[in-house]
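J.: Here it is, the structure in full.
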Amino acid sequence: MKKLAAGCLLAAATLTSAYAATTLSSAPSESWTVTNYYKQSVYDPKESKIGDIDDVLVDKSGKITGLVIGVGGFLGVGEKDVIVPFSAIKTAHKNDKWWLTLDETKDSLKSAHGYTYDKASTTWVPAKS
């Protein structure tokens, strides 16, 4: 009976360690949170507000590839969503918050191709013209 109990404990310990989560002992250096981008305002080089980041796009490897920016409209009505490469956004720490800039104007983004979020596929798809 003792051998059976010991065998069960050993099997349980083996299974538990096989399914244990891998965690980090510290946060990766040079890493930022999505909070620094998501729902943040984006400005042009002249510090005029372009829009707000509505979504952060991540590839299967976990790399941020693009940002969805809502431009135009008023209080979200008539807003157009465009996607810019993540590398196009420049960051700075200003007045105790993240300051995001893009070398584009609001008008150039309003004339860019728009996207809509498809809930069924959970992806951004080209907007119908």
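Please treat every number below as a calculation from the coordinates, not as lab data. Please read these numbers as outputs of a predicted model, since none were measured by experiment. Every residue, glycine as well, gets a Cβ built from its backbone with ideal geometry; the counts of neighbours run over all protein chains shown.
J.: Which of the lysines could a cross-linker bridge to Lys39, judged by Cα under 26 Å and excluding same-chain residues fewer than eight apart?
T.: Within reach: Lys49, Lys60, Lys63, Lys80, Lys90, Lys94, Lys97, Lys106, Lys110, Lys119, Lys128.
J.: Just want the answer: with Cβ charges of +1 for Lys and Arg and -1 for Asp and Glu, which residue in Leu57, Gly114, Phe74 is farthest toward the dipole's positive end in region 40-126?
T.: The residue sitting farthest along the positive end of the dipole is Leu57.
J.: Can I ask one more? Order these by the 10 Å Cβ neighbour count, fewest first: Leu24, Leu57.
T.: Leu24, Leu57
J.: Ok, one more. Given Cβ point charges of +1 (Lys, Arg) and -1 (Asp, Glu) and nothing else, what value in debye, to the nearest 20, does the dipole of region 40-126 about its Cα centre take?
T.: 120
J.: Do any GluC sites (Glu not before Pro) in region 20-84 lie in a loop, going by DSSP, with at most 13 other beta-carbon atoms within 10 Å of their beta carbon, and if so which?
T.: Those satisfying the criteria are Glu30, Glu47.
J.: Considering the convex hull of the alpha carbon atoms of region 30-85, report its projected area averaged over all viewing directions, in nm², one decimal.
T.: The orientation-averaged projected area of the Cα hull of region 30-85 comes to 4.6 nm².
J.: A follow-up question, please. When the Kirkwood radius is taken over all Cα pairs of region 40-126, what Stokes-Einstein diffusion coefficient follows at 25 °C and 0.890 mPa s, in µm²/s?
T.: My calculation gives 181 µm²/s for D.
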